[in-house]
Amino acid sequence: MQVARRALEVLGEQIRLDSLYVHSRASIGVRLGTADQTAEELLLDADTAMYAAKREGRSIIKVFEPVMLYSRQLRSQMATELRGAISSDELVLHYQPVVELATNRILGVEVLVRWQHPLRGLIPPDTFIPLAEEIGVIHDLDRWVMSASLRQLAQWRRDFVLDDDFQLRVNLSAVELKQLDLVDHIRTLLRELDLPARNLVVEITETAIVTRGEVEMYSLLSLQQLGVGIEIDDFGTGYSSISYLRELPVSMVKVDRSLLVELNTRAGQLEFVAAILQLIRAAGLEAVFEGIETREQADQLRALGCASGQGYYFSRPMPAEETGALLSTTRYLRVGEGVDGPETAPSR
């Protein structure tokens, strides 16, 4: 441990290369060998501890524990299975209604992907989305979700009478936003399915566009020109700067569910939420609140002037069949106080 800490200290010193200054960090795994270990086994264990350190942040030292190896083996197995799941119909889409707070009219649905594992059952996205990003299949996953959800929307439009402003909201990863053919891919899908661009909203996280890279800005501007809506997701958890939002081609901001958790228990939280809503509206953007779990929260947001929201108070995410059954019978949600539990499902 002394050697590891000394390594971190040395790497923490600023290095000058010509006119550049380099700041290095390290994640270190430590394994104290035993007499019966081979060199390969010793290195594998140290490497496993190092990856455990990387998952906890920067400049971390972790000592090997046997459970780490099991976790790594399980992660490796899941990575192999996930690659096959995208092409073998193991992924399923659920849909959560987004409602107009004043009337409870269904404005659209957010697309949420789940992994229907043959042995482990329904796996939530917070388990496999980071893995998809780590192993480099998030691009394939994003393309599958976009295609499958738009085809489902086209089917609903054929089967039911939907409002002209009904919108399908689909998450895009930072990786997908950097793809040069993203706009052409979406344009082609919309044309093939005879879908108006205004019926699609892409949701992107703050971290995906905070650097405002050339490719990302090209994608956003081209999607805007195509007529696709653009929404910043999870606002309130990242950089949360209104100033940069005003410079981006976005029209909506989804406020993260964490801001509503203490709405009625923490002093000043309601005023804080009201101030955020006012800033978003002053920037000329529409605010959508997620994580609404009670009638009181819905009433408070409505009184503040918030136009739309989503959450377990209105509806849990539902499979396509249940969503279709809802859309076939009504455009307005009938809601009550019955909530089945706290909303913990992530955006995807």
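The values are calculated or read from the model by the stated rules, or taken from the named source; none is laboratory data. Just so you know, these numbers come straight off a predicted model, no measurement behind them. Note: ideal-geometry Cβ built from the backbone for every residue, glycine included; neighbour counts use all protein chains shown.
Could you list, in sequence order, the residues of segment 84-101 that are modelled with pLDDT of 90 or more and under 21 Å from residue 136 (Cβ atoms)? Correct list: 85, 90, 91.
Taking the conditions (1) among the hydrophobic types (A, V, I, L, M, F, W, C); (2) in contact (Cβ under 8 Å) with a residue 24 or more places away in the chain; (3) not in a loop (DSSP other than H, G, I, E, B) in turn, residue 102 satisfies each one other than (3). Number of residues in segment 291-322 that are more than 25 Å from residue 271 (Cα to Cα) and under 21 Å from the mean Cα position of the chain (by Cα): the value is 6.
Are any of the residues in segment 108-118 exposed (fewer than 15 other Cβ atoms within 10 Å of the Cβ), in the same structural domain as residue 145 (by TED's automatic domain parsing) and under 30 Å from residue 308 (Cα atoms)? Among the residues of segment 108-118, not one is exposed (fewer than 15 other Cβ atoms within 10 Å of the Cβ), in the same structural domain as residue 145 (by TED's automatic domain parsing) and under 30 Å from residue 308 (Cα atoms), which makes the answer no. For segment 84-118, a residue qualifies if it is basic (Lys, Arg) and over 18 Å from the mean Cα position of the chain (by Cα), and exactly one does: 105. Might you check whether a residue that is surrounded by fewer than 15 Cβ atoms within 10 Å (Cβ to Cβ), under 27 Å from the mean Cα position of the chain (by Cα) and of a type outside the set (Val, Ile, Thr) occurs anywhere in segment 60-67? No, segment 60-67 has no match at all. If the condition is being surrounded by fewer than 15 Cβ atoms within 10 Å (Cβ to Cβ) and among the polar types (S, T, N, Q), then segment 68-97 contributes 73, 76, 77, 80, 87, 88. The selection criterion, being under 29 Å from residue 122 (Cα atoms), of a type in the set (S, T, N, Q), touching a helix residue (DSSP H, G or I) at 6+ places or on another chain (Cβ under 9 Å) and assigned to a loop (DSSP other than H, G, I, E, B), does not hold for residue 24. Residues in segment 27-40: is at least one closer than 30 Å to residue 171 by Cα, without any contact (Cβ under 8 Å) to a residue 40 or more places away in the chain and surrounded by 12 or more Cβ atoms within 10 Å (Cβ to Cβ)? No: segment 27-40 contains no residue that is closer than 30 Å to residue 171 by Cα, without any contact (Cβ under 8 Å) to a residue 40 or more places away in the chain and surrounded by 12 or more Cβ atoms within 10 Å (Cβ to Cβ).
Suppose the filter is loosely packed, with under 15 Cβ neighbours inside 10 Å and either of a type in the set (S, T, N, Q) or in the same structural domain as residue 277 (by TED's automatic domain parsing) (or both); does residue 165 pass it? Yes. Checking each residue in segment 118-131 for being closer than 11 Å to residue 75 by Cα and hydrophobic (A, V, I, L, M, F, W, C) picks out 128, 131. Close contacts from segment 311-332, counting a first residue that is under 26 Å from residue 301 (Cβ atoms) and assigned by TED's automatic domain parsing to the domain that holds residue 101 and a second that is assigned to a helix (DSSP H, G or I) and small (Gly, Ala, Ser), with Cβ to Cβ under 7 Å and a gap of 6+ residues or different chains, come to 313/298.
Yes or no, residue by residue, for (1) in contact with a Lys or Arg (Cβ under 9 Å, 6 or more places away or on another chain); (2) closer than 23 Å to residue 243 by Cβ; (3) modelled with pLDDT of 95 or more:
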site	(1), (2), (3)
260	no, no, no
268	no, no, no
281	no, yes, no
305	yes, yes, no
308	no, no, yes
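Helices (runs of 4 or more DSSP H) fully within segment 215-322 that include at least 3 residues being surrounded by fewer than 18 Cβ atoms within 10 Å (Cβ to Cβ) and of a type in the set (D, E, K, R): 295-304.
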